[in-house]
Amino acid sequence: MKLRLKISKPDEEELENLPFRLMWLDKQEKDIAQILYNYFTAVSSRWPDSWNDMTTKGNVLPKTNGFKALMRFLKPVYIDLSKGDFRRVPSTKNFLEYLDLVDLRDDQFNTETFKPGSSGAKTLYDILYSSVFES
């Protein structure tokens, strides 16, 4: 016999911590995937040269540190965009409005600007966050 546990709906505080949890519990994985697709399409639109360049040594945006920073940055952006509606699927244009506030050029996504390791990912996240939420 399989034991199934009923997981209660997340409250507002939990959703601020885990904004995709409600969609996940309601089996809306396609919506979560669409959010990720729209977000990274916006990233590729905002910084096309860097995002699409996997071969240039030292290009950090499409690599681990860039991805870590972008995934971390998705959370506050999604929470702000959702305005409490944690079932909302923002468009690429919605995400681009946030990314357009970041004053970074394609050529700045390098290991001189963002050092290898977790400090580089943190520096990129800090720039993304402060450009949007602290200006």
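Only one entry in L101, L96 is within 16 Å of Y129 (Cα to Cα) and outside any loop (DSSP other than H, G, I, E, B), namely L96. Kindly indicate whether F67 is over 12 Å from the mean Cα position of the chain (by Cα) and among the aromatic types (F, W, Y). Answer is no for this residue. Quick check on L22: is it at pLDDT below 95 and in a helix (DSSP H, G or I)? Yes; evaluated as a whole, the condition is true for this residue. Of all residue pairs spaced 6 or more apart or on separate chains, those with beta-carbon atoms under 6 Å, a first member in region 83-106 that is in contact (Cβ under 8 Å) with a residue 24 or more places away in the chain and a second member that is of a type outside the set (A, V, I, L, M) and part of a loop (DSSP other than H, G, I, E, B) are F86/P19; D106/W47. The residue that is farthest from the chain's Cα centre (by Cα), among those in region 25-43 that are acidic (D, E) and in a helix (DSSP H, G or I), is E29.
If the condition is being at pLDDT below 95 and under 14 Å from Y39 (Cα atoms), then region 80-114 contributes S82, R88.
The values are calculated or read from the model by the stated rules, or taken from the named source; none is laboratory data. No experiment lies behind these values; they were computed from the predicted model shown. Here Cβ is always computed from backbone atoms with ideal geometry, including for glycine, and neighbour counts include all displayed protein chains.
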